[in-house]
Amino acid sequence: MLAERLAAQGYHVVPHLAARLIEGRVELENLIAQIESMGIREVFVVAGDIDQPLGPFDGAASLLRAMAQLGHGLKEIGITGYPESHAFISDETTIQAMFDKTPFATYIVSQICFDAAVIATWIRRVRHRGVDAPIHVGLPGPVDPLRLLRLSRRIGLGESARFLRRHGSWLGRLTLPRAYSPGALLERLGPDLAAPENRVVGLHLFTFNEVDKTEEWRRAELTRLGH
């Protein structure tokens with residue numbers, strides 16, 4: 001298991017549990033026991049990208065409930081939040097999912113979004129609805145814009161993904177700026193990240209397997225900011 005090898009090398013490992021890929025409570029119990037045996041005390045729970053669940057868990061909320069019923073020694077459990085309307089899931093469903101999941105979670109990571117105003121509005125709405133879990137804002141690293149566009153279409157991000165599903169990816173070249181910059185997006189988000197009432201505790205960098213490039217950018221940003 002990759003998580004086991006990385007944990008043994010001293011990395012902070014956060015296994016992702018995909019609800020729809022878990023066949024039942026026995027497999028879930030075995031997975032949690034295996035994770036805890038490695039000394040790992042944090043997981044991230046997602047629904048999973050398949051239409052037909054392999055077992056009884058149709059989404060993250062049902063898996064989280066089963067985990068609570070089984071009991072575990074995990075200290076941190078992360079869940080996903082959606083700042084932008086999801087291309088494949090209704091807004092009502094994503095909002096309800098947030099309420100269903102948060103009693104079992106300790107933090108939220110936002111799905112990627114390229115609009116600082118949309119992210120800021122989502123954070124305020126989460127807080128106004130009484131959800132107090134700390135938020136990590138999901139930020140794409142310095143990935144090629146056209147690759148980001150293709151990934152956005154695949155994972156169902158917002159209005160741009162809806163457009164692409166109707167009109168094809170070649171038209172999508174017109175919908176995303178040629179030079180996406182994580183630093184520029186971060187700068188626009190600055191006041192909202194700093195507001196204490198928003199309880200934004202950090203960033204979650206999506207590398208899309210471009211780890212070296214993302215880490216180079218991260219270190220350069222820290223140097224620029226004097227850290």
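The values are calculated or read from the model by the stated rules, or taken from the named source; none is laboratory data. Every value quoted in this text rests on a predicted model; they were computed, and no experiment measured them. With ideal geometry, Cβ positions are generated from the backbone for all residues, glycine too; neighbour counts draw on all protein chains shown.
For this structure, a couple of remarks:
- Failed item in (1) modelled with pLDDT of 65 or more; (2) small (Gly, Ala, Ser); (3) surrounded by 17 or more Cβ atoms within 10 Å (Cβ to Cβ); (4) more than 16 Å from the chain's Cα centre (by Cα), with residue 68 passing the rest: (3)
- Scanning the stretch 18-48 for residues being over 16 Å from residue 6 (Cβ atoms), in a strand (DSSP E or B) and free of Cβ contacts under 8 Å to residues at least 40 places away in the same chain gives a total of 2.
- With respect to (1) assigned to a helix (DSSP H, G or I); (2) of a type in the set (A, V, I, L, M, F, W, C); (3) modelled with pLDDT of 70 or more, the lone exception for residue 170 is condition (3).
- Complete set of residues in the stretch 50-63 that are touching a residue at least 40 places away in the same chain (Cβ under 8 Å) and surrounded by fewer than 20 Cβ atoms within 10 Å (Cβ to Cβ): 59, 62
Rundown of residues vs (1) within 24 Å of residue 68 (Cα to Cα); (2) surrounded by fewer than 19 Cβ atoms within 10 Å (Cβ to Cβ); (3) within 14 Å of the chain's Cα centre (by Cα), yes/no style:
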| site | (1), (2), (3) |
| --- | --- |
| 101 | yes, no, yes |
| 113 | no, no, yes |
| 117 | no, yes, no |
| 135 | yes, no, yes |
| 147 | no, yes, no |
